[in-house]
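Notes follow the structure.
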Amino acid sequence: MTPTIVKVNKLQLSQLQQLAIQTFKESFTDANHVDDLKEYITESFSMEKLSKELSNPNSVFYFAKINDQEIGYLKINVGDAQTELQENNFLEIERIYVLEKFIGKKVGQLLLEKAIKIAHEKNMEYIWLGVWEENPRAINFYKKNGFVAFDKHIFTIGSDDQIDIMMKLKL
């Protein structure tokens, strides 16, 4: 069954929070200190922070759903909502996360295609993102989809400064 991609609304804040926490833990628990992970999750996925992000007109979240179950999500940013570059003709993919049991089932691909479609509709020149240098599966996924590395930046989880590879796709 092919997932549907639907825009997240404020009434779905608790589902978004649950999914964000679960997918982040599934993705990074094994590679991070428990205290660093806990601190990051507490700061990044609080109801207050997610509500503020959902309220920002330059940030949009989408769920991937199968039978009314959220199995993954996408967060995109434009303009001043971008975490770094903030070029007017750039769209940032801040997050694509999929529940572990659905990885490899093209859910991430559908979410990425949604971001690319939106970028085209908004006449963006580039899509960019940061991906942890120690996440070869994600790096290869983005390379397969035409993204190229162009820089690096620090991504902090708790007290641990990690290096993200910044990648972009010219549209």
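Excluding same-chain neighbours fewer than eight residues apart, the aspartates and glutamates reachable from Lys101 by a Cα-Cα span under 13 Å are Glu26, Glu70. Let a ≥ b ≥ c be the square roots of the eigenvalues of the Cα gyration tensor of segment 86-143; is it rounded (a/c under 1.5), or, if not, prolate (a/b larger than b/c) or oblate? Taking the square roots of the gyration eigenvalues as a ≥ b ≥ c, segment 86-143 is oblate. Contact order for the chain, expressed relative to its length and based on alpha carbon pairs under 8 Å spaced 6+ residues apart, stands at 20 percent.
Go ahead and run the numbers for FRET between Thr29 and Ser51, Cβ-Cβ distance against an R0 of 25 Å, rounding to 0.05.
0.50
Using Cα-only point scatterers and the Debye equation, what is log10 of I(q)/I(0) for the chain at each q in 0.16 Å⁻¹, rounded to two decimals? Values returned for q = 0.16 Å⁻¹ are -0.99. Rounded to the nearest 20, the size of the Cβ-charge dipole of the chain about its Cα centre is 920 debye, with Lys and Arg at +1 and Asp and Glu at -1.
Going from the residue with the fewest nearby Cβ atoms within 10 Å to the one with the most, Thr83, Thr29 rank Thr29, Thr83. Considering only Cα-Cα distances, which of the following residue pairs are longer than 26 Å: Lys38/Lys144; Lys10/Lys170; Lys52/Lys122; Lys49/Lys144; Lys49/Lys114; Lys38/Lys170? Beyond 26 Å between Cα atoms: Lys38/Lys144; Lys10/Lys170; Lys49/Lys144; Lys38/Lys170.
Each value in this text was obtained by applying a stated rule to the coordinates, not by laboratory testing. Remember, predicted model here, so these are calculated numbers, not experimental data. Positions of Cβ are generated from backbone atoms using ideal geometry, with glycine treated the same way; all protein chains shown enter the neighbour counts.
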